[in-house]
Amino acid sequence: MIKHKFFQNKKIWIVPVMELIIGCILIVLLLNYVSRNDMRNKKEKANANAMTYSERIAEDINSGITITNCMKQIIISEDGRCDKFSKIAQNLMDDSIQSIQLAPNGIVTEIYPERGNEAGKINLLSDRSRGAYVHYGKKHDVIVFQGPFGLKQGGKGIAVRNPVYIARNGKKEFWGFTIAIIRVPDIFSNSMKALENFGYQCRLLKTTAPWSRKYVDVYHSEENLTQPVSNQFTIAGNTWKLQVMPEKGWGNKRMLLFLLCGGSIVLLLLIGLTVAVMVLEERRKYLRVLTEMDSLTRIYNRNGFDRKIDQLIADRADMHFVIAELDIDNFKSINDMYGHAAGDQALKSLVADLQKHFPKNAVIARNGGDEFCLLLPNQTCESIHDKFKEFTRSEKKFYHKGEVHSFTISLGYAQYPQQAKNYDVLMHCADAALYEVKLRGKQGCAAYKDGFRQIRKQLGFGFMDVSKNLPGAFLIYKADPDDDELLFANHEMLHLCGCKDMDEFFAYTKQKFCNLINKQEQTEVEESIWKQINANGGQENDYVKFSLVRKDGTQVTVFDHGRIVENIYYGRVFYVLLLNEKQIHLHYDKKSECHI
């Protein structure tokens, strides 16, 4: 039985929930990728700027070294003298130089400008804070930097001490130092401002001494630097380090927020679209169920049954199965006597019996009215025969006003693909088998055989009801001189021939009308029939008397009254009424006239 609870299927929400989880993971991964990529790009750019401005800062600092080199060359060229020191120093001064000094033998004797810098005239070699630096410079003949340190005039400065050696008598003799006190960060302020204008925070460090690995700040931006990139460079044997980072940090919160909002909106739209599609699909399935489900019995209707079989054949073309058609005998009488509500109860009761009696993989459908279809996978006519026989013979009942009423069913069945490789043909075969059951007295089952005719059973049922109540023996056979196949005989005809059922009747006549006639009379009787029929273009009745051979071999004289009828299934057929001559003489004083 088909059940459908719209929106109660929890599986419909699995995909949206999975989309939400996967979408959130993808958004996080995207944000992480974008953030890392953006940081990498920023660091590459910051590294490039650090290298560029390290060179510029080195050039700025070298300008202070250049001053000491100029003074050094003058002293060497004048053999240790510098008579015009003040004038030369004045020309070398600029805003980033605090003072220029000379220190022969390590003792500062000349300072420009002297005013305000008088305290600088000291013996550097013996000075506690300066001695180590000048001794190192003297020993290794290298420029040494000391600082930064506070200046009395304000600000900070770095001392650049350049050792001077003069060649005398073929030997290098230590003369002293040329010194420049450079103001920081004034000397490299242009480079630092340029970096800050580009949106960077900066920090410049130098080693505390040429022999030390410790660094001291020379310049620092107002904000603390987080994970800065750095570039080291060397000036006259002294190590310097420039650190830079973006003023707003390495991350781009605005871009990440935009991506987060955009990704969330796209994800929500995708989830909404998915939910909408799945709801529409669920609705489509629900509507399809409605079109394929019988509202009364809650089983498949014919549309659903057809689709199920098409799907079964498409999926397993090599499988075999049995299809049955069945209906309630005299169902119209149930409706007429007890009402349609009782008829509905009978239909529901039959469906319940079908579901109980047959396996769960059986497909049950209501074909319309009181007709039902049944599909049994992996079954044959032989394997299911006993099951059908048991089912049709078991008691069927329904309740009406508290009372139990019984009813019977008829069932016909056919096998795929042995009896039909086409579904429509197979259904007609099952239909023909059901018709045979109806013709033979109802309440029973029959498998399709090649001799069965595929006739719409609704016509057969009505005909059966009429023919069994005719006042005489009645039969139908083909109106073909070469093929007079018997198609039907009513109960009176069976009784007249001494047969208990249709199978026995067809067996002893070999399903031929001529086999009912005494052999000596066959030719004469058949010629008389066709002569009468052909007398008026086939529109006349025929009247004939002959000796009918019964199953036990005895004979009885009968009057035959026949007429040709056009049938949409068989073409031209004879409808024949046979009357026993003895019975006629018992009821009539005058013999009936017959044409022989």
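The values are calculated or read from the model by the stated rules, or taken from the named source; none is laboratory data. Predicted, not measured: the structure shown is a model, and the values here were computed from it. Cβ sites come from the backbone with ideal geometry, for glycine too, and all protein chains shown count toward neighbours. Quick note on the areas: whole protein, heavy atoms, side chains included, nothing else; ligands and nucleic acids left out. Shrake-Rupley method; radii C 1.70, N 1.55, O 1.52, S 1.80 Å.
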List the pairs whose first member sits in the stretch 93-107 and is of a type in the set (A, V, I, L, M, F, W, C), whose second member is surrounded by fewer than 16 Cβ atoms within 10 Å (Cβ to Cβ) and in a strand (DSSP E or B), and whose Cβ atoms are under 6 Å apart, counting only residues at least 6 apart or on separate chains? 107/123
Go through (1) under 16 Å from residue 347 (Cβ atoms); (2) of a type in the set (Lys, Arg); (3) open to solvent by 60 Å² or more (accessible area, probe 1.4 Å) for residue 396 and report which single condition fails. (3)
State all residues of the stretch 228-258 that are charged (D, E, K, R) and part of a helix (DSSP H, G or I); if no residue qualifies, say none. 253, 254
Within the stretch 280-299, residues open to solvent by less than 40 Å² (accessible area, probe 1.4 Å) and not in a loop (DSSP other than H, G, I, E, B) come out as 282, 289, 292, 293
Residue in the stretch 87-110 that is touching an Asp or Glu at 6+ places or on another chain (Cβ under 7 Å), among the small types (Gly, Ala, Ser) and open to solvent by less than 60 Å² (accessible area, probe 1.4 Å) present: yes
Take the stretch 256-299 and flag every residue that is touching an Asp or Glu at 6+ places or on another chain (Cβ under 7 Å) and either acidic (Asp, Glu) or over 24 Å from residue 12 (Cα atoms) (or both). 296
The condition of being aliphatic (A, V, I, L, M) and without any contact (Cβ under 8 Å) to a residue 12 or more places away in the chain holds, among 296, 273, 326, only for 273
Is there any pair linking a residue in the stretch 518-529 that is without any contact (Cβ under 8 Å) to a residue 40 or more places away in the chain to one that is surrounded by fewer than 15 Cβ atoms within 10 Å (Cβ to Cβ), with Cβ under 7 Å and at least six apart or on different chains, and which? 518/555
Kindly indicate the residue of the stretch 445-475 that is modelled with pLDDT of 85 or more and farther than 17 Å from residue 499 by Cβ and also most open to solvent (accessible area, probe 1.4 Å) among those meeting that condition. 449
Can you spot a residue in the stretch 346-367 that is of a type outside the set (A, V, I, L, M) and touching a His at 6+ places or on another chain (Cβ under 9 Å)? no
Kindly check whether there is at least one residue in the stretch 312-320 that is open to solvent by less than 10 Å² (accessible area, probe 1.4 Å) and within 25 Å of residue 444 (Cβ to Cβ). no
Within the stretch 118-159, how many residues turn out to be closer than 24 Å to residue 189 by Cα and open to solvent by 20 Å² or more (accessible area, probe 1.4 Å)? 11
Residue satisfying condition, being open to solvent by less than 20 Å² (accessible area, probe 1.4 Å), at pLDDT below 95 and among the aliphatic types (A, V, I, L, M), within set 277, 184: 184
Exclusive hit being modelled with pLDDT of 90 or more, surrounded by 18 or more Cβ atoms within 10 Å (Cβ to Cβ) and assigned to a helix (DSSP H, G or I), set 61, 76, 27, 21: 61
How about the stretch 205-226: which of its residues are in contact with a helix residue (DSSP H, G or I) (Cβ under 9 Å, 6 or more places away or on another chain) and either under 22 Å from residue 139 (Cβ atoms) or assigned to a loop (DSSP other than H, G, I, E, B) (or both)? 209, 210, 211, 221
Report the residue count in the stretch 326-348 for those that are open to solvent by 10 Å² or more (accessible area, probe 1.4 Å), aliphatic (A, V, I, L, M) and farther than 12 Å from residue 370 by Cβ. 2
Across (1) touching an Asp or Glu at 6+ places or on another chain (Cβ under 6 Å); (2) outside any strand (DSSP E or B), residue 193 clears everything bar (1)
Residue pairs within 7 Å by beta carbon, gap of at least six or interchain, first lying in the stretch 171-200 and under 23 Å from residue 42 (Cα atoms) and of a type in the set (Ser, Thr, Tyr), second in a helix (DSSP H, G or I) and modelled with pLDDT of 90 or more, listed first then second, are 191/53; 191/56; 191/57; 191/60; 200/46; 200/49
Subset of the stretch 165-188, residues on the phi > 0 side of the Ramachandran plot and in a strand (DSSP E or B), comes to 176
In the stretch 162-181, residues that are open to solvent by 10 Å² or more (accessible area, probe 1.4 Å) and not hydroxyl-bearing (Ser, Thr, Tyr) total 10
